[in-house]
Structures are given as structure tokens and as C-alpha cells.
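K.L.:
Quick one: structure below, then a few questions.
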Amino acid sequence: MVEELLFFMEVLVGGLLAGTMYSLVALGFVLIFKASATFNFSQGAMVFFSVLAFCGFMQDFNIPFIPAFILAALLMVVVGLCTERLVLRPLMNASEDTVLMATIGLGYVLEGLAQAAWGVEVRRLDLGIGDFPVPWIADNLKLFISALDITAGLVAAIMIISLFLLFKYTKIGLGLRAVADDPGAASSIGIPLKHIMLLVWSAAGVVALVAGCMWGARAGVQFALVDLALKALPVLIIGGFSSIPGAIIGGLIIGAVEKVLEVYIGPFFGGAIEGWAPYVLAIFFLLYRPEGLFGEKIIRRV
Amino acid sequence: MNNTSANILDIKNIEVRYDNVILALHDVSLKVPKGKVVALLGANGAGKSTTLKAVSTMLASERGKVTNGSIEYDGNAIDKQTPSQMVGLGMVQVLEGRRCFGHLTVEENIISGAYSRKLSKGDINQELEKIYTYFIRLKERRKSQAAFTSGGEQQMIAVARAMMAKPKMLLLDEPTMGLAPQLVAEIFNIVKELNTKEGVSILLAEQNTNVALKNSDYGYIIETGRVMLDGTAESLLNDDKVKELYLGISKKGRKNFRDVLKEESLTKKRSN
């Protein structure tokens, strides 16, 4: 009995921690959705682009870890700047659907640029954190939990806290929340939309880089990272597109549910239900709570 | 720069088109003297909002453009500025329909108005306290989410928010829309107070002709994108045509708009 409980705990904790990796990807989507009410289809490409550039800086130019990370982060700010200037500003008065289509195009451009600059082969990213159980926890708690998962959990926690503080207590955060509510009214009182857009896209780029590092360390830095980012979709549906805590909790739920289902129910379906179980859950949410757990409710005065 | 002019705003014969095709304003000219309240009156679709948006340069975001004529604000021509630059120059528009940031608290809404100014936390709080002396009702509700406040309170938030930008000129687009008469009076009292105590010049678009004229110095009446009539508020209030068409009062006593139209078509038939 104790054995079984321990095993369940291990599956659950492993799932929760793996879920924070989804949360990190979802965070990037939320940032952009808040400011421009658009699902950014290029987020996956941004993950791929940023982490590939990071690897390129380290492996092709022999730049040490930290400067390479800073360079990659700066590169993502430049990408944000170019996106604002070349894509968003000309589409300022276009409908949300047009912007959505533009993000799909932007995704292809980033994928192409990344591969043209850094090549197409799978790269190994070594963060110095192994993807194997931590001995101390295995010995004392009898749980086998990956060090990489624990790191991802910590990183996600730090990111959510700093983003929360940024939005709640800084001037630019207030500007961002105002733009998220009503861009027209925000510009009527002198909040410059272009600064807010630049901030949001740069922040989403840096978040993409962090998420890319975690996933790259686990699965190798490769093109598949682009599609992996779409796993964030059920996370967002469950957590709510416009909520940062929602992205985190949504990721945890998806991570835990998919692992638990895989282990306990998977065998009845011949395994590999991890791939689609989150989407089934997402459908239920769409039916019964379309704004997600933490999404901003559509407030309507009666 | 020529700041000696007595008018803070001088609109000369502007023509406005949306999407390069739809002609919204044919020929509108109006002046707002410094420190005065000017009412822009007319029915739905007459071009009141379009005029205000032409001034605040918010037209661009609705694919509208001033295709003829000129607008001069505080001695400078307005043409290529962005709305946020206009706010920097001291011109703030309060959009039609209040447009509060629903998920922000009342206080956050008001503070957001100071975004374009470089103020310290202490300065912001000082400004906030000053604003609350005009909007006492808002101080009580400072922590509630703006979306859950009443229509009158939301209108006050919108005006208070605009005041935080320290404007020289306010453009108010239908501030009393859908409000009970008592609230209409309250809003106008505040607007009047801001005008006299803070010296803000005001251009006010309204359908509520009677109340608007009683609280203004000068009035313009526009219809289908043209200025039909203008004059001091007093002269307009006593004008027979205005009385009949916009105030619903005729020599024979009260009348509604339909009666006036019926009468007009009858006289037309007769003259035919």
C-alpha cells in the first residue's frame, strides 16, 4: 500500500514539475494575448529561434554561458523591436484576425532565419543540470524526481513572481493593463501603444528563451520545439488566455493529469495517451468554462 | 509659436472622410476661446464625435482623415501628431461611452491618466488628492473595480482620469449619455468647476441641448457635417428655431420633434 502511494506521489510530483515546463511556454502566449488580444502563433518559433541562437553563441563562437544567455536575451529584444516596427505598427488599425495571420507568417520567418543562421542539425544543450533523479530526494523521500524538473519549477516560480510585481506595481505595468482593457481609451490619455507592444514582445521573447533552455536541455535543441509550443494551447484554455497565474496553474494541471492518466489509464488504450489527453480536458473546459480557471471574466453590467 | 491668440482652438473649414470615401464632415469651423466652455450640439450622426476626434488626432485609428481645412491648437497646426503627443501638449479627449479600464480599480484608472507625465509617487498622490476634491464620490470607491461602478461614476472616472494628464483643454464627448437628470447636473457642476478653478478650456459634444447650453459660454449646432448655427449660449437658448427643434418648446407650448417635422412637411406641401 505504501509502495503504491509512493509511486502515485512520484507520478504526480513528476507530472506537476514537468507541467511547469508547459507553464513557461504558455507564459509567453499570455503576455502577448494580454496586450494585443491575439494568439501569437509565432511563440513556438520564438522558443526555437532564441534557444538555437543561444546554442549558436556558445558552440559556434565559444562565448561562455552567461554572456551567451544575455546576448540571446538581447537578440530577443531586437526581435521584439523589429516585430513592433515592421509587423504590428503597420497593422495598428487592422482587425485581430489580421494580426493573428501575421503572427503565423512571423513564425515562418523566424524558423527560416534560425535555421539559415545556425543550421538544421539537432544540438545538445548542457545546462549543467542533469535530467536524472536527485539522489538526496531519492534516498530520503523515496521519490525519483528529476533535477531538471525541479529547476524548471523554480525558474517558473521566479518568472511568475517577477512578472506579477512588474504588472502590479510599476508604471509600465499599469500601462500594459490599461492597454489590455481598452487600447483606444489608453491612447486617448497618452499611453503610447508602441512602447507597451515593444515591452510585451521583448518580455515574451525572453520568456521563450527561458522555456527553450529548459526544453532544449531535455529533448535537444531541434525543430520539434516549434510544435511542442502548441502544447501550451490546452494549458491556456484551462488556465485562461489572459492570466499569468492561470498559465502556471494550467501547466501544472496538464502536467499532472497527463502523467497520471498515462500511468493508470494509458494501458487500457494501448499507451501514449499523453499526447491527446490534455486536448480532451481542454474541450471540457471550452464547453463548461470557456474563460478558463483564471481568465478575466467578461464583466457586463446589467 | 504664437500664444497671444485669444483662442486655444481654431478649426477652419475642415472636411473629414473615413476610408477615403465616406464624407463625415463637409465644412466645420469653430473656435474655442481660452478658458471658455463651448458646446457642440447636434443629433446622432451629425458629426460631433468626428469633429472631436479630428482635433485629438484619434481619427487615424478609425481610418478617418482630415482632407481639407486646418486645425490650430494653442498656436500650432495639428496634422501629423499622435494622440499621445496631443496629450503631451495638454489636449485630452474623454471618449464617448466613458471607456474605463474595467479590470483596474477606480484609483488605478485615475492614476493611469498621469502616464504621460513624469511624476514621482509623492507627486501622483498629491495630484490624486486634488482630483478627489472634485470627485468626492470616487474617493469612497477608490478600491473597487471600475467595471462594477455605476454609469455616473464611470463618467466621473473618465473625466478624473483625463484631468490627471493636467490638460489645458478637455474634449468631452457626450458626458451625460444615458445618465439620470440628477447625475447629469452633478457631472456638469464638476465640469463647470474644473473650468473655473483649473482654467481648463472645454469643447463639449452633447445631445442634451438644454443642459449643455446652460453650462456653456458659446454653442455651435451641426447637422449632417455642417455648422448650421452658432452664437452665445444665451442667444441660442432664446433662438426660436433652436427652441423648437432642439428644446421641444414652441410659442404654442411644449412640442416634440415629430410634431415639428410634421409641421414642416405640411408647410412644404403647401408651398409646393
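FYI, it's all coordinate maths here, none of it is from the lab. Since we're looking at a predicted model, the values are computed, not measured. Positions of Cβ are backbone-derived with ideal geometry, glycine not excepted, and every protein chain shown enters the neighbour counts.
K.L.:
So how do A:Ser202, B:Ser235, A:Ser23, A:Ser187 line up by other beta-carbon neighbours within 10 Å, fewest first?
P.N.:
The fewest-first ordering by Cβ neighbours comes to B:Ser235, A:Ser202, A:Ser187, A:Ser23.
K.L.:
Amide H to amide H under 5 Å from A:Gly220: which residues, 5+ apart in sequence or cross-chain, H placed 1.01 Å off N in plane?
P.N.:
A:Leu125
K.L.:
Please say if segment B:160-248 is rounded, prolate or oblate, where rounded means a/c under 1.5 for a ≥ b ≥ c the square roots of the C-alpha gyration tensor eigenvalues, and otherwise the choice is prolate for a/b larger than b/c and oblate otherwise?
P.N.:
On the way: a/c = 1.90, a/b = 1.60, b/c = 1.19.
Prolate, since a/c reaches 1.5 and a/b exceeds b/c.
K.L.:
For labels at A:Phe164 and A:Leu230 in the simple 7 Å Cα→Cβ model, what's the distance in nm?
P.N.:
It works out to 3.2 nm between the two label points.
K.L.:
In nm, give the distance between the simple-model label positions of A:Leu141 and B:Gln126, each being 7 Å from the Cα along the Cα-to-Cβ direction.
P.N.:
Simple spin-label model gives 5.3 nm for this pair.
K.L.:
Continuing with the same structure: Using a/c under 1.5 as the rounded threshold, could you call chain A rounded, prolate or oblate? The axes a ≥ b ≥ c are square roots of the C-alpha gyration tensor eigenvalues, and prolate needs a/b larger than b/c, oblate otherwise.
P.N.:
Values: a/c = 1.83, a/b = 1.28, b/c = 1.43.
Here chain A falls in the oblate category.
K.L.:
Could you give me the ³J(HN,Hα) list for segment B:44-57, computed from phi with Karplus coefficients 6.51, -1.76, 1.60 and θ = phi - 60°, whole Hz, x at Gly and Pro?
P.N.:
4, x, 6, x, 5, 4, 4, 4, 4, 5, 5, 6, 7, 6
K.L.:
Still on this structure, I have one more. What is the calculated FRET efficiency for B:Phe148 to A:Leu74, with r their C-beta to C-beta distance and R₀ = 30 Å, to the nearest 0.05?
P.N.:
Values: r = 42 Å, r/R0 = 1.41.
Step by step, r from the Cβ atoms, then E = 0.10.
K.L.:
Still on this structure: Convert each backbone phi in segment B:101-113 into a coupling constant with the Karplus relation 6.51 cos²θ - 1.76 cosθ + 1.60 (shift: θ = phi - 60°), then list the ³J(HN,Hα) values in order as whole Hz, x for Gly and Pro.
P.N.:
Couplings: 7, x, 8, 8, 6, 4, 5, 4, 4, 5, 4, 4, x Hz.
K.L.:
Further, regarding this structure: Rounded if a/c is under 1.5, else prolate if a/b beats b/c, else oblate: with a ≥ b ≥ c from the C-alpha gyration tensor eigenvalues square-rooted, which is the protein assembly as shown?
P.N.:
prolate
K.L.:
B:Lys269 to A:Glu291: FRET efficiency via 1/(1 + (r/R0)^6), r the Cβ-Cβ distance, R0 45 Å, to the nearest 0.05?
P.N.:
On the way: r = 58 Å, r/R0 = 1.29.
In this case the efficiency is close to 0.20.
K.L.:
Mind sorting A:Ile248, A:Ile158, A:Ile254 by how few other Cβ atoms lie within 10 Å of their own Cβ, fewest first?
P.N.:
A:Ile158, A:Ile248, A:Ile254
K.L.:
Between B:Leu229 and residues 5 or more places away or on another chain, which pairs have amide H atoms under 5 Å apart, with H built 1.01 Å from N, and which residues are they?
P.N.:
Here B:Ile221 satisfy the definition.
K.L.:
Under 5 Å between amide hydrogens, which residues at least 5 positions from B:Leu25 or on another chain qualify, with H placed 1.01 Å from N in the peptide plane?
P.N.:
B:Val16
K.L.:
Give me A:Lys142, B:Lys36 sorted ascending by neighbouring Cβ count inside 10 Å, so fewest comes first.
P.N.:
A:Lys142, B:Lys36
K.L.:
Quick one: Karplus J couplings for segment A:76-93, per residue in order, coefficients 6.51, -1.76, 1.60, θ = phi - 60°, nearest Hz, x for Gly and Pro?
P.N.:
Couplings: 5, 5, 5, 4, x, 4, 5, 4, 4, 6, 9, 10, 6, 5, x, 9, 2, 9 Hz.
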